[in-house]
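Novice: Could you have a look at this structure, given as structure tokens, before my questions?
A short reminder: the numbers here are calculations on the coordinates, not readings from a lab. Computed from a predicted model, the values in this text were never measured in an experiment. Virtual Cβ from ideal backbone geometry, glycine too; neighbours counted across all protein chains shown.
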Amino acid sequence: MIYEKNATEMATALEKGEISAVELTRAHLDRIAAVDGEVKAFLYVDNEGALAQARDVDQRRKSGEKLSPLAGVPLALKDVMVQQGVPTTCGSKMLEGWRPPYDSTVVSRLKAAGVIILGKTNMDEFAMGSSTENSAYFPTHNPWDLTRIPGGSGGGSSASLAAFEAPLAIGTDTGGSIRQPAAVTGTVGVKPTYGGVSRYGLVAFSSSLDQAGPCARNVLDAAYLHEVIGGYDPMDSTSISAPIPPVVAAAKNASVKGMKIGVIKELQGDGYQAGVLKRFNESLEELAKLGAEIVEVSCPNFEYALAAYYLIAPSECSSNLARFDAMRYGIRVGEGSAEEVMNATREVGFGKEVKRRIILGTYALSSGYYDAYYGSAQKVRTLISRDFENAFTKADVLVSPTAPTTAFKIGEKSNDPIAMYLNDIATIPTNLAGVCGISIPSGLAEEDGLPAGFQIMAGAMKDDRLYQVGAALEVALNSKWGAPILSKAPKLGAK
Amino acid sequence: MSKISRDDVANLARLARIEMTPAELDHLSSELSVILDAVARVQEVAGKDVPPTSHPLPITNVFRADENRPSLTPEQALSGAPAQEEQRFKVPQILGEE
Amino acid sequence: MALSYEKVIEKYEPVLGLEVHVELGTKSKMFCGCSTEFGAAPNTQVCPVCLGLPGALPAVNGKAIEYTIAIGLALNCSIAPFSRFARKNYFYPDMPKNFQTSQYDEPICFGGFLNVKIDTDEGVKEYRVEIERVHMEEDTGKSLHMGGATGRIHGADYSLLDYNRAGIPLVEIVTKPLTGTEKYAPEVARAYVSELRDILRSLGVSDVKMEQGSLRCDANVSLRLIGAEKLGTRSETKNVNSLRSVERAVRSEMIRHAGILDKGERVIQETRHFHEDTGETTPGRSKEQAEDYRYFPEPDLVPVAPAADWIEKIRSSLPEKPSVRRKRIQEEWQVPDKEMAAMINADVLDQVEETVKLGADPTRARSWWLGEIARLANEREVPAVSLPITANDVAEVVALIVNGELTDKLARQVVEGVINNEGRPSEIIEKRGIKVVSDDSALLQAIEKAVAAQPDVAEKVRGGHIPAAGALIGAVMKETKGQADAAKVRELLLKHLGQG
């Protein structure tokens, strides 16, 4: 089926005229209609808008215009990215029905490249969570096992890829929200270097950690998408002015000969599922076979990363979410004074996890506690950056399992916040230091036959190394498996 | 041992403008105490000589020119407003100080 | 029964703290490209950034930084080699993000001073006001409070928000506690704000119109017994919209504090609102708990580290300081201190200088602005600069006096006419037919008539009794409807009577 192809294959077919953008979009909209009742990856499917975009691309191609490599290829957009005129909820009741009057820079670039935005995908509310169970609307189901979570906060995007509802997706990653969902759904997800992709129009959760990134079913597709969305944006004062690293070339290069691969001692062992570790170690062997040198590195301050993250992110979010006050947009409930209406609206508009983090963040920033909590966490950040710097003198990239476990059952951890937070233990250090990371499938864990992820990390602005090593490993593993991992997923919507 | 009391949570909820139910206040008090215990360990390594990081990137002086860019139309600006009157956002009676 | 000011200063000494907010006159807002023009229709100058829409991000206006550095340099401040923006978190409907992007412990300028002079019965006194810091922040939207009787927030049913003003660059200038002003605290406060205003105006960074809100002053006042070490509790007074109000507010608060302290009670630390009509303050809504702003470094903006050569470039392009300019003018024109102070107090120095530039001599220029024009301004209870008379007009009038086409008396009529909106001097002279009668033969005619009418007075003058000529001169003036030059008449008269 056309929707089972990868994005590069679809792009080639479009370019050759074998299929039109409209046909391709229709095929995906039909697929969504067929399976999303079970997967529930989408909060909003923009049938009309997507077809209109597709018609436009077909027209432009017909008139001989030179189009971007991904023109006409469909994409699923995490609902945290603002898209003009299209409902944007961030998975929250607070923004139910809100249609933004502007486009995020990522969306502007996607539109300019002719990528077709099919709709908005489900997520943990305001990007807070690791399972998409915190969505105010409904949980998304992992296409590998519909009783299980697809990861979070970007579970909708990863599930849409794994369910072949879209070949490309955009996610955002603050503590692992692109990479961990990629790991548990057998897909590819990248958190670019902080500042590598514009945050203008990315509804902020934790401003110094958030990054939008490309998601796909393979490394090369993700690289093409990275080159569409990345690069300097004057509207984002934290965006990097240097050119995008050559990620597509690196993905095509796909060689690890002579590279040093650093295994982070602290990101394995206890707390990591045995099957996950086994696939991780096998992947290391593959890399060694390809000519890489495997070395062990130590990042001793990483054990404090989770604690630092759960002070910094809530602190920043307590401030970022203050704007939701029922005065200018969003829902408004309650009677009485402005203050009473604000209080009542925020009580019903925000879910449990969001409220928990807002209160925690308010506390960590409050007078008398700032130094002990937020202030100390910012110092741990410095130590973690130093650990990375030090480790990168010993290796070209660093690796670990992406997440400690495979997909757990829906409801299994939702009453235990700390157990939930532990899902991000391997991904969080990357965000704190602002460096880049990718997750690619490492195989299926033996215990449960569910996907596990292999995480590769590189230094700031060295995103190309992620794709180079990732692509090399992907080739080796696909060869070992005989076919890409997703071919082993259950067939959905089969009639 | 609860690091954060019910009253503390109530105060924080007031600061954060969230009207919580008594049950929520109780829940949060115990949950947050557990979380705070876990995150407090940042103090173990946050020595005096470690500088804090507020930006992962070492950039400074990002400025834009003093030029005008198109604004939203008033219709666009007010498009999400729960209530409006005379091209302004209408909000209920404000009790607080200006 | 309120205490008299004299009684207050006998017992207490005031400590002042002045916070001045300046709206910068940049074209675009602090963090976005929306226009800053005053008076636009509501919500027509807003964008995702200044509306605080989800996903929006700030981008710093480089000109605002430049202006702030210029202000800091003009106030003798140090420019921080590294400064940061911080979020000041609190909820209020006129603040779209419910935090204000401001600066906290790393302001861009710090540690300066401003010398101010005031004119007192005991002579000119000078005070040094120490500046704690100068920092950048953004302005809030404007609320209209509807349904209540006064249009103020108390008693209103609902409010309407216009965010055009939200995001306009604001600079906050904070003084260190100012001691040693004693009974002159109100005047010193006023002089400080006035001098600050002049400096800001000369820098061209703001139109500093207190009535329009582009210059706002909050006055902090506390009292302590004379000679006491510890500072008293202070109150903060807002809504001080003119220089005169600064003076009145400080005086009013000093009297109020003294009244409380005399009774043995404690002054409450609170924010108060100044009322123009009564000259007194009323309490704002008292807060049960102090607001915790939870400041933290703004993660969406990177630090400001102005290069040394940029700072020097700004420093070298600073215009002449008002105090330096005044000194220069005083020396050039040889103006006595008291007159200098009078010009500054009446806020007419610019006008006088302009008049001189247009050709009038400094003495005459001064005497017109400080004399007749000031008198007419006082009559109308408005500042001289708001009258419809310009430096051009005054220069024209002075030129006409100098070449004999107007006498002082006639000139006063012309000036009054300009102020009454009858037109420009030449138009008024034309309309009213004002003309100096300088034609000798016409004058001689009038002189002969007067002499004929008062022969015995004329005889006295012939006899050497010159003062007697006054009656004859008066008669001639009457005859010529006041349009003769009295000095000329006297000259001709005396000659005619053999005494010239």
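Novice: Just the C-alpha atoms of the range C:320-432: what Rg/Rh do they give, with Rh taken as the Kirkwood radius?
Specialist: A ratio of 0.97.
Novice: For chain C, list the cysteines whose Cβ sits under 4.7 Å from no other cysteine Cβ?
Specialist: So far as the 4.7 Å Cβ criterion goes, C:C32, C:C34, C:C47, C:C50, C:C217 stand without a partner in chain C.
Novice: Skipping prolines and chain starts, which residues have an amide H placed within reach, meaning under 5 Å, of the one on A:G453, given they are 5 or more residues away or on another chain?
Specialist: Sorted by chain and number, the residues that satisfy this are A:T402, A:A403, A:S442.
Novice: Just want the ordering: B:D49, A:D58, C:D440, from fewest to most Cβ atoms lying within 10 Å of their own Cβ.
Specialist: So the residues, fewest neighbours to most, are B:D49, C:D440, A:D58.
Novice: Counting each DSSP H run of 4 or more residues in chain A as -39500 (n - 2.57), what helix-only mean residue ellipticity at 222 nm follows after dividing by all residues, to the nearest 500 deg cm²/dmol?
Specialist: Helix contribution divided over all residues of chain A: -12000 deg cm²/dmol.
Novice: Moving on to the next point. Could you check the simple spin-label distance between A:K16 and A:E335, using points 7 Å along Cα→Cβ, in nm with one decimal?
Specialist: Once both label points are built, they end up 6.8 nm from each other.
Novice: Okay, moving on. Consider just the alpha-carbon atoms of the range B:6-45 and return their Rg together with their Dmax, both in angstrom.
Specialist: Calculated on Cα positions, Rg and Dmax stand at 11.8, 37 Å.
Novice: Answer with one residue from A:L321, B:S71, C:N241: the one whose Cα lies farthest towards the positive end of the charge dipole of the protein assembly as shown, charges on Cβ with Lys, Arg +1 and Asp, Glu -1.
Specialist: Comparing the listed Cα positions along the dipole, B:S71 ranks first.
Novice: In whole Hz, with x marking every Gly and Pro, tabulate ³J(HN,Hα) for the range A:262-271 from phi via Karplus 6.51 cos²θ - 1.76 cosθ + 1.60, θ = phi - 60°.
Specialist: Per-residue couplings from phi come out as x, 8, 7, 3, 6, 9, 6, x, 4, x Hz.
Novice: Still on this model: Have a look at the DSSP beta bridges in chain A and tell me what percent are antiparallel, nearest 5.
Specialist: Within chain A, antiparallel bridges account for around 65 percent of the total.
Novice: Something else: As an exercise, take the mean of 1/r over every pair of distinct alpha carbons in the protein assembly as shown, invert it, and state the Kirkwood radius in angstroms.
Specialist: Across the protein assembly as shown, the inverse of the average 1/r is 33.5 Å.
Novice: Given H placed 1.01 Å from N in the peptide plane, which residues other than close sequence neighbours of B:I4 have an amide H under 5 Å from its amide H?
Specialist: B:S33
Novice: Quick one: Debye curve from the alpha-carbon atoms of the range A:398-490 only, equal weights, vacuum; give me log10 I(q)/I(0) at q = 0.15 Å⁻¹ to two decimals.
Specialist: Log-scaled intensity ratios, in q order: -0.68.
Novice: Let me ask you something else. Counting partner chain Cβ atoms within 10 Å of every residue's Cβ in A:382-389, what's the average?
Specialist: Average per residue, whole number: 2.
Novice: Something else: Over all distinct Cα pairs, what is the inverse of the mean 1/r for the range A:284-359, reported as the Kirkwood hydrodynamic radius in Å?
Specialist: 16.1 Å
Novice: Which residue, A:V399, A:Y467, A:A426, has the largest displacement toward the positive end of the dipole of the range A:384-495 when charges sit on each Cβ (Lys, Arg +1; Asp, Glu -1)?
Specialist: Positive-end residue among those listed: A:Y467.
Novice: Given 10 °C and 1.306 mPa s, how large is the Stokes-Einstein diffusion coefficient of chain A in µm²/s, with Rh as the Kirkwood radius over Cα pairs?
Specialist: Result for D is 72 µm²/s.
Novice: Treating the beta-carbon of each Lys and Arg as +1 and of each Asp and Glu as -1, no other charges, what is the dipole magnitude of the range C:440-496 about its Cα centre, to the nearest 20 debye?
Specialist: 80 debye
Novice: Still on this structure, I have one more. Give the average over all directions of the projected area of the C-alpha convex hull of the range C:231-332, one decimal, in nm².
Specialist: If I average the Cα hull's projected area over directions, I get 13.1 nm².
Novice: If you rank C:T140, A:T193, B:T60 by fewest surrounding Cβ atoms within 10 Å, what's the result?
Specialist: The most exposed by this proxy come first: B:T60, C:T140, A:T193.
Novice: A further question follows. Could you derive backbone 3J(HN,Hα) for the range A:418-431 from the dihedral phi with the Karplus parameters 6.51, -1.76 and 1.60 (θ = phi - 60°), listing whole Hz in sequence and x where the residue is Gly or Pro?
Specialist: Couplings: 5, 4, 5, 4, 5, 4, 9, 4, 8, 9, 4, x, 4, 5 Hz.
Novice: Moving on to the next point. Sorting A:L70, A:L321, C:L203 on the 10 Å Cβ count, fewest up front, what's the list?
Specialist: C:L203, A:L70, A:L321
Novice: How far apart, in nm, are two points set 7 Å out from the Cα along the Cα-to-Cβ line at C:D337 and at C:S367?
Specialist: In this crude label model, C:D337 to C:S367 measures out at 2.4 nm.
Novice: So if I take the alpha carbon set of the range C:5-314, get Rg, then get Rh from the Kirkwood formula, what is the Rg over Rh ratio?
Specialist: 0.97
Novice: Report the antiparallel proportion of the DSSP beta bridges in chain C as a percent, rounded to a multiple of 5.
Specialist: Percentage antiparallel, nearest 5: 95.
Novice: Moving to a separate point now. Could you work out how far apart the two model spin labels at A:E96 and C:S426 are, taking each label as a point 7 Å from the Cα in the direction of the beta carbon, and quote it in nm?
Specialist: Inter-label distance under the simple model: 7.5 nm.
Novice: If you take the beta carbon distance between C:E130 and C:D350 as r and set R0 to 30 Å, what does 1/(1 + (r/R0)^6) give as a FRET efficiency, to the nearest 0.05?
Specialist: Efficiency, from the Cβ-Cβ distance: 0.60.
Novice: Any of A:K355/C:K97; C:K142/C:K209; A:K265/A:K413 with alpha carbons more than 20 Å apart? Name them for me.
Specialist: In this structure, A:K265/A:K413 lie more than 20 Å apart at Cα.
Novice: Can you give the FRET efficiency to the nearest 0.05 for C:T233 and B:R69, using r as the Cβ-Cβ distance and R₀ = 51 Å?
Specialist: Between C:T233 and B:R69 the formula returns 0.60.
Novice: A further question on this structure: Of C:H135, C:A308, A:Y370, which is farthest along the charge dipole of the protein assembly as shown in the positive direction, counting Lys and Arg as +1 and Asp and Glu as -1 at C-beta?
Specialist: C:A308
Novice: I've got another one for you. Could you tell me which helices of chain A pass both thresholds, a Cα extent of 24 Å or more along their own axis and a mean Kyte-Doolittle hydropathy of at least -0.5, with helices taken as whole DSSP H runs?
Specialist: Result, helices passing both filters: A:21-39, A:463-481.
Novice: To the nearest 500 deg cm²/dmol, what mean residue ellipticity at 222 nm is calculated for chain B from DSSP H runs of n ≥ 4 alone, each contributing -39,500 (n - 2.57), summed and divided by the residues?
Specialist: It comes out at -11000 deg cm²/dmol, rounded to the nearest 500.
Novice: While we're here: Based on DSSP H runs of at least 4 residues, each adding -39500 (n - 2.57), what is the mean residue ellipticity at 222 nm of chain C after dividing by all its residues, to the nearest 500 deg cm²/dmol?
Specialist: My calculation for chain C gives -11500 deg cm²/dmol from helical runs alone.
Novice: Follow-up question, since we're still on this one. For a Förster distance of 35 Å, can you work out the FRET efficiency between the beta-carbons of A:K260 and B:S79, rounded to the nearest 0.05?
Specialist: 0.05
Novice: If amide H atoms are built 1.01 Å from N in the plane of the peptide, which residues on other chains or at least 5 residues away come under 5 Å of the amide H of C:C77?
Specialist: Hits under the 5 Å cutoff: C:F113.
Novice: Shifting gears a bit: Which shape class applies to the range C:440-496: rounded if a/c is under 1.5, otherwise prolate when a/b exceeds b/c and oblate if not, where a ≥ b ≥ c are the square roots of the Cα gyration tensor eigenvalues?
Specialist: prolate
Novice: OK, next. How large is the dipole of chain A about the Cα centre if only Lys and Arg carry +1 and Asp and Glu carry -1, each at its Cβ, rounded to the nearest 20 debye?
Specialist: 620 debye
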